[in-house]
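The values are calculated or read from the model by the stated rules, or taken from the named source; none is laboratory data. Computed from a prediction, not measured in an experiment: that's the story for all the values here. Using ideal geometry, Cβ is built from the backbone for each residue, glycine included, and neighbour counts are taken over all protein chains shown. Only protein heavy atoms, including side chains, enter the accessible area calculation; ligands, DNA and RNA are left aside. Shrake-Rupley method; radii C 1.70, N 1.55, O 1.52, S 1.80 Å.
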Amino acid sequence: MPDATDARPYDALLLLSFGGPEGPDDVVPFLENVTRGRGIPRERLEEVGQHYYLFGGVSPINAQNRELLAALREDFAAKGLDLPVYWGNRNWAPYLADTLREMVLDGHRRILVLATSAYASYSGCRQYRENLAEALAALEAEGLPVPRVDKLRHYFNHPGFVRPVTDGVLNALAELPGDVRAGAHLVFTTHSIPLSQSETSGPDGGAYVAQHLDVARVIAGAVREETGVDRPWELVYQSRSGAPHVPWLEPDVCDHLEALHERGAPAAVMIPVGFVSDHMEVLYDLDTEAMAKAGELGLPAARSATVGADPRFAAAVRDLVTERAAAERGEHPERCALGALGPSHDVCPVGCCPARTPKPAAAGADSPYA
């Protein structure tokens with residue numbers, strides 16, 4: 001195992017996330033940031049914003065990132081890892097460019113990045129790397145030092161991610177009525193993405209679905225070991241946002257619940273394995289829409305918790321930090337990973353998760369800021 005107190009050569013960690021509105025007046029400007037360049041009319045953004053207005057115009061993601069930030073700082077301090085942790089967002093304050101500027105002015109030059117997306121895909125990895133390159137270019141244009149930035153590997157199969165998700169499933173099963181619990185189906189959910197992005201995800205294509213299936217298989221097996229019941233499971237999708245004529249990953253979670261009901265399934269547990277925290281797409285698409293669909297069908301259902309700021313996840317991040325640091329020092333650290341796929345690559349190779357329109361991307365083999 002790598003030394004849990006040695007982050008050399010890194011001098012800071014950046015928690016990089018999506019961001020979200022924190023009040024009604026933020027909703028449309030936030031959605032304009034998310035969809036910038038796509039030509040989506042303001043009327044459509046206001047329609048989409050109704051999801052946020054149901055919750056007072058506040059997405060929980062920023063509060064959850066504050067909790068994770070505190071958990072990381074607490075874990076690092078308790079284990080003697082002297083590494084400051086900062087937080088920046090893609091689409092809302094604190095903005096990534098502002099945070100990187102703060103880090104540089106604080107003297108940091110070797111920065112590790114933890115993105116709040118555990119899987120390989122354009123929107124879950126490459127786009128964050130493009131955001132990093134854009135922010136670094138802004139620093140360069142201002143005449144400020146440009147730090148070396150590296151991104152932690154995908155952590156979907158790290159035990160510190162898998163075990164909290166598994167416990168969440170067990171807790172959700174316990175919420176179901178006793179007479180249907182043993183027959184409950186496991187419904188693993190993740191964000192739908194265009195088929196074209198799915199097929200080109202990862203270095204060799206197809207990584208997005210393969211990674212989800214691998215970790216779902218591990219979690220279903222762990223639940224079987226804990227309960228003594230071998231439950232049927234399936235990977236389904238949610239939160240589609242693209243044009244109707246563009247093929248996206250299916251089936252949709254609500255369609256799948258209807259299919260389970262038609263097949264006579266006695267109950268279902270929805271497991272948002274594709275999400276790190278209970279942000280808006282979990283609260284609305286699962287807790288609101290999908291639970292309403294289950295209610296219409298008379299299908300007993302529960303939703304399991306995401307990892308959030310679980311101390312085991314904070315410890316996993318520390319492990320990933322010291323693992324990557326050891327590798328940068330030329331050592332050969334043990335890399336924790338469950339399932340059949342093994343640990344992901346440290347450095348995204350050229351062509352990994354390509355964009356439709358190529359843009360510079362930092363923290364990869366093709367980075368202009370290596």
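Tabulated data for the structure shown
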| read-out | value |
| --- | --- |
| Some residue of the stretch 19-42 being farther than 23 Å from Glu130 by Cα and in a strand (DSSP E or B) | yes |
| Residue match in the stretch 2-21 (condition: open to solvent by 40 Å² or more (accessible area, probe 1.4 Å) and farther than 30 Å from Asp106 by Cα) | no |
| Selection count, the stretch 349-362, where residues are touching a Ser or Thr at 6+ places or on another chain (Cβ under 9 Å) and either buried (at least 17 other Cβ atoms within 10 Å of the Cβ) or not charged (D, E, K, R) (or both) | 6 |
| Residue among Arg42, Arg38, Arg73 that alone is of a type in the set (Lys, Arg) and under 21 Å from the mean Cα position of the chain (by Cα) | Arg73 |
| Where a residue in the stretch 32-48 is under 22 Å from Arg356 (Cβ atoms) and its partner, wherever it lies, is among the hydrophobic types (A, V, I, L, M, F, W, C) and outside any helix (DSSP H, G or I), with Cβ under 8 Å and at least six apart | Asn33/Trp92 |
| Of all residues making up the stretch 51-86, the number that are closer than 26 Å to Thr35 by Cβ and buried (at least 20 other Cβ atoms within 10 Å of the Cβ) | 7 |
| Condition check for Ala174: open to solvent by 10 Å² or more (accessible area, probe 1.4 Å), over 20 Å from the mean Cα position of the chain (by Cα) and either among the hydroxyl-bearing types (Ser, Thr, Tyr) or farther than 25 Å from Gly351 by Cβ (or both) | yes |
| Filtered residue count, the stretch 1-24, keeping only those that are more than 23 Å from Thr116 (Cβ to Cβ) and modelled with pLDDT under 95 | 4 |
| Residues of the stretch 311-335 satisfying the condition of being open to solvent by 30 Å² or more (accessible area, probe 1.4 Å), part of a loop (DSSP other than H, G, I, E, B) and of a type outside the set (Gly, Ala, Ser) | Arg329, Glu331, His332, Glu334, Arg335 |
| Selection count, the stretch 108-140, where residues are more than 30 Å from Trp248 (Cβ to Cβ) and either free of Cβ contacts under 8 Å to residues at least 24 places away in the same chain or in a helix (DSSP H, G or I) (or both) | 5 |
| Single condition Pro145 does not satisfy, out of (1) in contact with a Gly (Cβ under 7 Å, 6 or more places away or on another chain); (2) surrounded by fewer than 20 Cβ atoms within 10 Å (Cβ to Cβ) | (1) |
| Close pairs (6 angstrom Cβ cut-off, 6 or more residues apart or separate chains): of a type in the set (Lys, Arg) in the stretch 202-231, modelled with pLDDT of 95 or more and surrounded by fewer than 19 Cβ atoms within 10 Å (Cβ to Cβ) anywhere | Arg224/Asp230 |
| Positions within the stretch 229-260 being part of a helix (DSSP H, G or I) and open to solvent by less than 40 Å² (accessible area, probe 1.4 Å), in sequence order | Val253, Cys254, His256, Leu257, Ala259, Leu260 |
| Selection count where residues are over 9 Å from Thr306 (Cβ atoms), open to solvent by less than 10 Å² (accessible area, probe 1.4 Å) and in a loop (DSSP other than H, G, I, E, B), scope the stretch 266-278 | 1 |
| Check on Gln211, in a helix (DSSP H, G or I), over 20 Å from Cys254 (Cβ atoms) and open to solvent by less than 20 Å² (accessible area, probe 1.4 Å) | yes |
| Complete set of residues in the stretch 279-310 that are among the acidic types (Asp, Glu) and either under 19 Å from Cys125 (Cα atoms) or crowded, with 20+ Cβ neighbours inside 10 Å (or both) | Glu281, Asp285, Asp310 |
| Residue within the stretch 245-262 that is within 22 Å of Ser17 (Cβ to Cβ), at pLDDT 95 or above and touching a Lys or Arg at 6+ places or on another chain (Cβ under 6 Å) present | no |
| Pair list, Cβ < 8 Å and 6+ apart or interchain, from the stretch 293-307 residues that are touching a residue at least 60 places away in the same chain (Cβ under 8 Å) to residues that are in a loop (DSSP other than H, G, I, E, B) and surrounded by fewer than 19 Cβ atoms within 10 Å (Cβ to Cβ) | Pro300/Pro177; Pro300/Pro266 |
| Single condition Leu341 does not satisfy, out of (1) hydrophobic (A, V, I, L, M, F, W, C); (2) open to solvent by 60 Å² or more (accessible area, probe 1.4 Å); (3) over 30 Å from Leu83 (Cβ atoms) | (3) |
